[in-house]
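Please treat every number below as a calculation from the coordinates, not as lab data. The structure presented is a predicted model; accordingly, all values stated were derived computationally and were not measured. Every residue, glycine as well, gets a Cβ built from its backbone with ideal geometry; the counts of neighbours run over all protein chains shown.
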Amino acid sequence: MSYILNIETATKNCSVSIAKNGETIVCLEAAEAGFSHAEKLHVFIEQCLVDATISFQDLAAIAVSQGPGSYTGLRIGVSAAKGLCYALGIPLIAVDTLKSLASQANVNDGVIVPMLDARRMEVYSAIFDASLQSKREIQAEIITEESFTDLEGPLYFVGDCAEKCKTVLTGDKFIFLENIIYPSAREMSILSYELFKNEVTVDVAYFEPFYLKDFMITTSKK
C-alpha cells in the first residue's frame with residue numbers, strides 16, 4: 001500500500017491531495033487571486049493527513065507539480081516538497097503540470113491542448129492525444145489566428161486562457177472546456193503513482209521547477 005502526498009501550486013489554485021495506490025482519497029484546494037499558497041499550503045497538508053487518518057511516516061513519496069506556471073507558486077510548492085522529502089527520507093516525484101491539467105478532459109477523440117496564461121496573448125501550452133500521449137512538447141507561444149491550423153480537430157482546450165484565446169481561435173474545430181481552468185492535485189494522483197511504480201524520481205537536492213519564463217526578448221527603451 002503506497003500513500004503519496006501530491007502538491008499543486010503552479011497557478012492560483014493551491015491544491016493538496018493524498019492518494020492511496022493512485023486513487024485520491026482526500027483533496028483540499030482553493031483558487032484565489034491573491035496567491036495565498038504560503039498561508040494555505042502547510043495547513044492543507046496537515047489537514048489532508050488528518051482526513052486520510054495517516055501520518056507523515058505513512059507516506060511513501062511526495063509529488064509536486066513541476067511547472068510551467070507561476071514563479072512564486074512553483075517555488076513555494078517545490079520548497080515544501082523538498083523539505084518534507086528530506087526530513088522523511090522519502091523520494092520526490094515531479095509531475096508535468098500541463099499533463100495533469102490535460103488529464104481533466106475526459107474525451108475520446110481529437111487532441112487536448114492544456115494552456116496556462118502567461119501575459120497578453122502569450123501562453124504555456126502542450127498537446128496530448130485523448131489517451132494523454134504527448135504529441136508536442138511544452139512550449140511558450142503567442143496565440144494568433146494561425147495557431148494550431150496544422151492540426152485536425154477536434155481540439156479541446158483546457159486552462160485559464162479561454163477568454164482571450166477564443167477571440168482568435170474561432171473555427172468549429174476549436175472547443176473550449178471552460179469548466180476546466182486550473183491544474184489540481186486530484187488529477188496528479190494517478191500520474192504520480194505511475195512514476196512511483198516505475199521509480200521515476202528526481203534529486204531532492206538539485207531539482208528545480210520548470211519555469212519556462214522570460215521567453216520574449218524585448219528591446220530596451222533607453
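If you count, for each residue, the other Cβ atoms within 10 Å and average over each peptide, how do 167-176, 186-195, 18-27 line up from highest to lowest? Let's see the in-between values first.
Working: 167-176: 14.3, 186-195: 22.5, 18-27: 18.4.
In decreasing order of mean packing, 167-176, 186-195, 18-27 become 186-195, 18-27, 167-176.
By count of other Cβ within 10 Å, fewest leading, how are TYR211, TYR206, TYR124 ordered? List each step's numbers first, then the result.
Numbers: TYR211 17, TYR206 7, TYR124 26.
Ordered from fewest to most neighbouring Cβ atoms within 10 Å, TYR211, TYR206, TYR124 come out as TYR206, TYR211, TYR124.
Under the rule of at least 5 residues apart or a separate chain, name every residue whose amide H is placed under 5 Å from the amide H of ILE181.
The answer is GLY159.
Which whole-number percent gives the relative contact order of the chain, counting Cα pairs below 8 Å spaced six or more residues apart?
Details: 471 pairs, mean separation 52.6, N = 222.
Reported as a whole number, the value is 24 percent.
Can you list residues from other chains, or at least 5 along the same chain, whose modelled amide H is less than 5 Å from the amide H of ALA63?
LEU5, ASN6, ILE7, ILE93
In whole Hz, with x marking every Gly and Pro, tabulate ³J(HN,Hα) for segment 52-69 from phi via Karplus 6.51 cos²θ - 1.76 cosθ + 1.60, θ = phi - 60°.
7, 6, 10, 10, 4, 5, 7, 6, 8, 6, 10, 10, 10, 5, 8, x, x, x
About its Cα centre, what dipole magnitude does segment 1-150 give when the only charges are +1 on Lys and Arg Cβ and -1 on Asp and Glu Cβ, stated in debye to the nearest 20?
Numbers: 10 positive and 18 negative charges, 88 e Å.
Approximately 420 debye in magnitude.
Can you sort LEU151, LEU74 by how many other beta carbons sit within 10 Å, fewest first?
Values: LEU151 16, LEU74 25.
By the 10 Å Cβ count, ascending, the order reads LEU151, LEU74.
My understanding is that a pair violates if its Cα-Cα distance is over 25 Å; which of LYS40/LYS82; LYS82/LYS197; LYS12/LYS197 do that in this structure?
Values: LYS40/LYS82 17 Å; LYS82/LYS197 20 Å; LYS12/LYS197 30 Å.
Beyond 25 Å between Cα atoms: LYS12/LYS197.
Please list, in chain and number order, the residues 5+ apart from ALA118 or on another chain whose amide H is under 5 Å from its amide H, with Hs placed from the backbone.
VAL123, TYR124
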